[in-house]
Amino acid sequence: MSCKELVELVTDYLDEALPASERDRFEAHMSNCVGCTDYLEQIRLTLRVSRKIEEESLDTEVREGLLEAFRDWKSRSA
């Protein structure tokens, strides 16, 4: 598995949605790649931190900026 493939599968891995064979390949790559191990930990940390943010606690300008940044996310990433 390449680093690029791993990055594309991180969400499914964290959601425990990878088939066993893909999970095994993912974990084998992780055991030999410090960069991908660091990346996965950064994603885990980002998820933990973002779960603690409540919408009401955001400044209106910050909230609108985030909404704007992600509004067309799916269409841009396709």
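The values are calculated or read from the model by the stated rules, or taken from the named source; none is laboratory data. Bear in mind that the values here come from a model prediction, so they are computed numbers and not experimental data. No Cβ is skipped: glycine too gets one built from the backbone with ideal geometry, and neighbour counts run over all protein chains shown. We work out accessible area using only protein heavy atoms, side chains counted, and drop any ligands, DNA or RNA first. Shrake-Rupley method; radii C 1.70, N 1.55, O 1.52, S 1.80 Å.
Would you confirm whether any residue within region 45-58 is out of contact with any His (no Cβ under 7 Å at 6 or more places or on another chain), in contact (Cβ under 8 Å) with a residue 24 or more places away in the chain, part of a helix (DSSP H, G or I) and loosely packed, with under 13 Cβ neighbours inside 10 Å? Yes, that holds for at least one residue. Restricting attention to region 1-34, the residues that are hydrophobic (A, V, I, L, M, F, W, C), more than 20 Å from residue 45 (Cβ to Cβ) and without any contact (Cβ under 8 Å) to a residue 12 or more places away in the chain total 3.
Residues checked against (1) in contact with a helix residue (DSSP H, G or I) (Cβ under 9 Å, 6 or more places away or on another chain); (2) of a type in the set (A, V, I, L, M, F, W, C); (3) farther than 17 Å from residue 5 by Cα:
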position	(1), (2), (3)
32	no, no, no
36	yes, yes, no
45	no, yes, yes
52	no, no, yes
58	yes, yes, yes
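Within the option set 5, 68, 22, being acidic (Asp, Glu), open to solvent by 80 Å² or more (accessible area, probe 1.4 Å) and out of contact with any Cys (no Cβ under 6 Å at 6 or more places or on another chain) holds for one residue only, 68.
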